Amino acid sequence: MMSLYFFNLRRWHLTVRDGHGEVLPGPAEAVEHAARAILDLVGQKGCCRDWAGWSVEIEDEARGRVATVPFGFARTAVPLPR
């Protein structure tokens, strides 16, 4: 069964809430989706942000926390294409 997940950007006390969410099969896919989104953000050309301390906080449809994916974890969570 597919479920709605929200992907909030978080750095210490600052939270940027996801108002739309994504429909995915389960929590494992939500973590993979978050890791891929982090890699996309960090890899953008011309992007010179310091991403230290940032994470993606995953919430379910009821806005309960499912997982938190730190930006540094994304490189190890997603297998890179060969």
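Can you sort 51, 12 from fewest to most other Cβ atoms within 10 Å of each residue's own Cβ?
The fewest-first ordering by Cβ neighbours comes to 12, 51.
For each of 68, 15, count neighbouring Cβ atoms within 10 Å of the residue's Cβ, then give the residues from fewest to most.
Placing the least packed residue first, the sequence is 15, 68.
Only the coordinates and a few stated rules stand behind these numbers; no lab work does. Keep in mind the model is a prediction, meaning the values are calculated, not measured. Methodologically, a virtual Cβ is constructed for each residue, glycine included, from the backbone with ideal geometry; neighbour enumeration extends over all protein chains shown.
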